[in-house]
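S.K.: I have a structure I would like to understand better, so I am pasting it below and will then ask my questions one at a time.
The values are calculated or read from the model by the stated rules, or taken from the named source; none is laboratory data. It should be emphasised that the depicted structure is a prediction, and the values quoted were computed from it without experimental measurement. Here the Cβ is made from the backbone with ideal geometry for all residues, glycine too, and neighbour counts use every protein chain on show.
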Amino acid sequence: MHPEKQVDTWDDSWSIQDWSNRGKGVSLSGDATVLTINSPINICIEKNDDKDAASDTFLTMRTMRLPGFQSAAEFDSVSTYHYVSVRMLARVTGSAGACMAVLTYLGGEELADVQEADIEIMTRDPKNRVQYTNQPSFTEDGDDILKATRNGTLP
């Protein structure tokens with residue numbers, strides 16, 4: 001008898017975010033200037049109809065500017081990883097102003113102990129442009145850390 005193969009589900013690895021940057025009352029938290037609401041309705045798995053596609057499905061994360069707020073999508077890993085390697089094939093489309101990002105983050109007591117790496121693709125930029133930033137990208141005094149950000153191009 002063969003042991004049953006355990007089937008992993010999306011929820012075993014990922015957590016779809018459901019929060020906003022609304023502060024107390026009508027104010028926004030932090031330095032936010034636009035109310036942003038992360039909603040599970042903005043994340044879905046769709047059938048891939050591309051010719052010669054490498055996969056049957058793809059993940060869609062939608063964002064849309066509406067009167068009075070930005071509707072967005074975000075998901076996080078449910079586990080803390082010691083090492084991580086991220087590989088993805090992404091298509092980022094839409095009006096100028098959207099950002100697709102992959103972030104890794106480990107908090108620290110001191111700013112210098114924070115470990116964050118950001119990979120960002122902006123819809124306002126050319127389709128082959130990507131920005132890489134290691135955080136913190138500034139010191140306790142607010143000075144920029146030189147070479148913390150690199151702009152690159154994709155093939």
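S.K.: Restricting attention to segment 12-26, which residues are on the phi < 0 side of the Ramachandran plot and either touching an Asp or Glu at 6+ places or on another chain (Cβ under 6 Å) or exposed (fewer than 10 other Cβ atoms within 10 Å of the Cβ) (or both)? Working first, answer last.
M.R.: Going residue by residue through segment 12-26, those that are on the phi < 0 side of the Ramachandran plot are 12-24, 26.
Passing the criteria: S15, Q17, K24, V26.
Conditions (1) of a type outside the set (G, A, S); (2) outside the structural domain of S20 (by TED's automatic domain parsing), marked per residue:
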position: T36; (1), (2): yes, no
position: A96; (1), (2): no, yes
position: A101; (1), (2): no, yes
position: E120; (1), (2): yes, yes
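S.K.: Here's another thing I want to ask about it. Can you spot a residue in segment 133-149 that is surrounded by 11 or more Cβ atoms within 10 Å (Cβ to Cβ), basic (K, R), over 15 Å from the mean Cα position of the chain (by Cα) and modelled with pLDDT of 90 or more?
M.R.: Scanning segment 133-149 turns up no residue that is surrounded by 11 or more Cβ atoms within 10 Å (Cβ to Cβ), basic (K, R), over 15 Å from the mean Cα position of the chain (by Cα) and modelled with pLDDT of 90 or more.
S.K.: Say we look at segment 74-109 and pick out the residues that are surrounded by 13 or more Cβ atoms within 10 Å (Cβ to Cβ) and touching a residue at least 40 places away in the same chain (Cβ under 8 Å); which of these is farthest from I16 (Cα to Cα)?
M.R.: By that ranking, first place goes to E74.
S.K.: A further question on this structure: Quickly run through segment 57-101 and pick out the residues that are closer than 22 Å to I41 by Cβ and of a type in the set (V, I, T).
M.R.: Of everything in segment 57-101, those that are closer than 22 Å to I41 by Cβ and of a type in the set (V, I, T) turn out to be T57, T60, T63, V78, V92, T93.
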